[in-house]
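Please read the structure below before turning to the comments.
The values are calculated or read from the model by the stated rules, or taken from the named source; none is laboratory data. Only a predicted model underlies this, so the values are computations on that prediction, with no experimental measurement involved. We place every Cβ from the backbone using ideal geometry, glycine too, and count neighbours over all the protein chains shown.
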Amino acid sequence: MDIRSFNPPIRTLMGPGPSDVHPRILEALARPTIGHLDPAFIELMDELKVLLQYAFQTENALTMPVSAPGSAGMETCFVNLVEPGDKVIVCQNGVFGGRMKENVERCGGVPVLVEDPWGTAIDAGKLEEALKAHTDAKIVAMVHAETSTGAQSDVAALVKLAHAHGCLTIVDTVTSLGGTPVKVDEWGIDAIYSGSQKCLSCTPGLSPVSFNERALEKIRNRRTKVQSWFMDLNLVMGYWGTGTKRAYHHTAPINTLYALHEALVILKEEGLENAWARHRKNHLALRAGLEAMGLSFVVKEADRLPQLNAVTIPAGVDDAAVRSRLLKEYNLEIGAGLGALAGKVWRIGLMGHASRAENILLCIGALESILGDMGAEIKRGVALPAMQKALA
Ligand SMILES: *Cc1c(COP(=O)(O)O)cnc(C)c1O
């Protein structure tokens, strides 16, 4: 085997993540590596906390990136907050709610599933019934933006309900952070995690998390040790905590943290509200084009995520063949369906730096050309004008 340097093809990433990484972020990644206890690096860590507090809209002191992808942020929340025997209500309306249930079980907790159909938002009425039926529940866990279906749930209302019944909340905002409003303090979220590679458009491998005082109190009063040494917040805080002298816990992924820092600086320069508005505007343009072509959305309008568009695959069209041609002929990646929606939908991401007019143009043009070529029943020649009208 003749193995040489790896040079990836240049793709446009419009799937469920990773999304297109901004060139400024790639450049930050290539800066010289320094020691993780270097005073200059500690300054960067302090700035990262401030930038993440802005992104999460929180004043929580414990706000930091876990040194691993979104799934590790999820696990950090569960291993620290769930003790053996704790009853946890898990709202499930897609793939990621299912992973939350797995986490509860592995922590020795007792999960109670509140299920909603895939493609719909979490039903507050069902959660309320479950809270009334399980007065001993300690935590409610939910996914804000279900990447597997493109549905967004009303986290503010669900958290309020959980609190009214004395429960703490764990919220997954891996796909929502930076794309749609996430307001940790205003909504009262107790523990939250996200990911670097979706609407923050950073490289994968980091999971921003934040915990409020109520969550920390539960962690401090644990009867048992957190079973994960790496994710035990009591230990991680010695590394990321303020005021105290930083102690070695693990070696932070130094260059990836440069990248996250740059991603958050870009977000701050644009402004959160402007980023949300851009995601919404570009979603409406993509939607105008796709609907003009004759394609339809899976999620009802009020619950649609602007950054993750689940579209029904037209009858008779070969799902894998279309995605493979998009990649080969146009260097364009879109996502396949997951779980209950596998083979039935495409998931078109407009996340972070990928949420741009030229990407929508490429996606609509390429889809029209390939679907037309395959003899699918679509309307031709109307999608681009519809998209341009929506953007104007
Ligand atoms: C992508 C995603 C995750 C997992 O993140 P990884 O970085 O892939 O580990 C968790 N939850 C949701 C909603 C996601 O979209």
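Just one of the numbered conditions (1) more than 28 Å from residue 67 (Cβ to Cβ); (2) touching a His at 6+ places or on another chain (Cβ under 6 Å); (3) aromatic (Phe, Trp, Tyr) is not true of residue 297: (2). Restricted to the stretch 15-55, and to residues there that are among the β-branched types (Val, Ile, Thr) and part of a helix (DSSP H, G or I), the residue that is farthest from residue 246 (Cα to Cα) is 25.
One residue stands out among those in the stretch 198-214 that are surrounded by fewer than 24 Cβ atoms within 10 Å (Cβ to Cβ) and near the ligand (Cβ under 10 Å from one of its atoms): the one that is nearest to residue 356 (Cα to Cα), which is 204. Is the stretch 284-302 home to any residue that is closer than 19 Å to residue 13 by Cα, modelled with pLDDT of 95 or more, outside the structural domain of residue 70 (by TED's automatic domain parsing) and of a type in the set (Gly, Ala, Ser)? Yes: one or more hits.
Just one residue in the set 313, 334 is under 21 Å from residue 199 (Cα atoms), aliphatic (A, V, I, L, M) and not assigned by TED's automatic domain parsing to the domain that holds residue 152; that residue is 334. Of the residues 139, 122, only one is modelled with pLDDT of 95 or more and away from the ligand (no atom under 16 Å from the Cβ); which? Residue meeting the stated conditions: 139. Among the criteria (1) surrounded by 16 or more Cβ atoms within 10 Å (Cβ to Cβ); (2) free of Cβ contacts under 8 Å to residues at least 60 places away in the same chain, the one residue 301 does not fulfil is (1). Within the stretch 20-41, being aliphatic (A, V, I, L, M) and either under 22 Å from residue 198 (Cβ atoms) or exposed (fewer than 12 other Cβ atoms within 10 Å of the Cβ) (or both) holds for 21, 25, 26, 28, 29, 30, 40.
The residues in the stretch 56-101 that are more than 16 Å from the ligand (Cβ to nearest atom) and in a loop (DSSP other than H, G, I, E, B) can be counted, and the count is 10.
Once the stretch 182-193 is narrowed to residues that are buried (at least 16 other Cβ atoms within 10 Å of the Cβ) and of a type outside the set (Ser, Thr, Tyr), the residue that is farthest from residue 215 (Cα to Cα) is 182.
Given the structure, is residue 176 closer than 19 Å to residue 211 by Cα, part of a loop (DSSP other than H, G, I, E, B) and within 16 Å of the ligand (Cβ to nearest atom)? Considered against the rule, which asks whether it is closer than 19 Å to residue 211 by Cα, part of a loop (DSSP other than H, G, I, E, B) and within 16 Å of the ligand (Cβ to nearest atom), residue 176 comes out as yes. Scanning the stretch 242-291 for residues that are over 30 Å from residue 386 (Cβ atoms) and without any contact (Cβ under 8 Å) to a residue 40 or more places away in the chain yields 243, 244, 245, 247, 249, 269.
Would you tally the residues in the stretch 216-258 being of a type in the set (Asp, Glu) and either over 16 Å from residue 60 (Cα atoms) or assigned to a loop (DSSP other than H, G, I, E, B) (or both)?
At the first step, the residues of the stretch 216-258 found to be of a type in the set (Asp, Glu) are 217, 232.
Next, from what is left, pick out any that are either over 16 Å from residue 60 (Cα atoms) or assigned to a loop (DSSP other than H, G, I, E, B) (or both): 232.
The total comes to 1.
The set of residues in the stretch 334-392 that are within 28 Å of the chain's Cα centre (by Cα) and among the hydroxyl-bearing types (Ser, Thr, Tyr) contains only 355.
If you filter the stretch 56-77 down to residues that are surrounded by 14 or more Cβ atoms within 10 Å (Cβ to Cβ) and out of contact with any strand residue (DSSP E or B) (no Cβ under 7 Å at 6 or more places or on another chain), you find that the one that is farthest from residue 203 (Cα to Cα) is 61. So in the stretch 179-197, with the set limited to residues that are part of a loop (DSSP other than H, G, I, E, B) and among the β-branched types (Val, Ile, Thr), which one is farthest from the ligand (Cβ to nearest atom)? This residue is 189.
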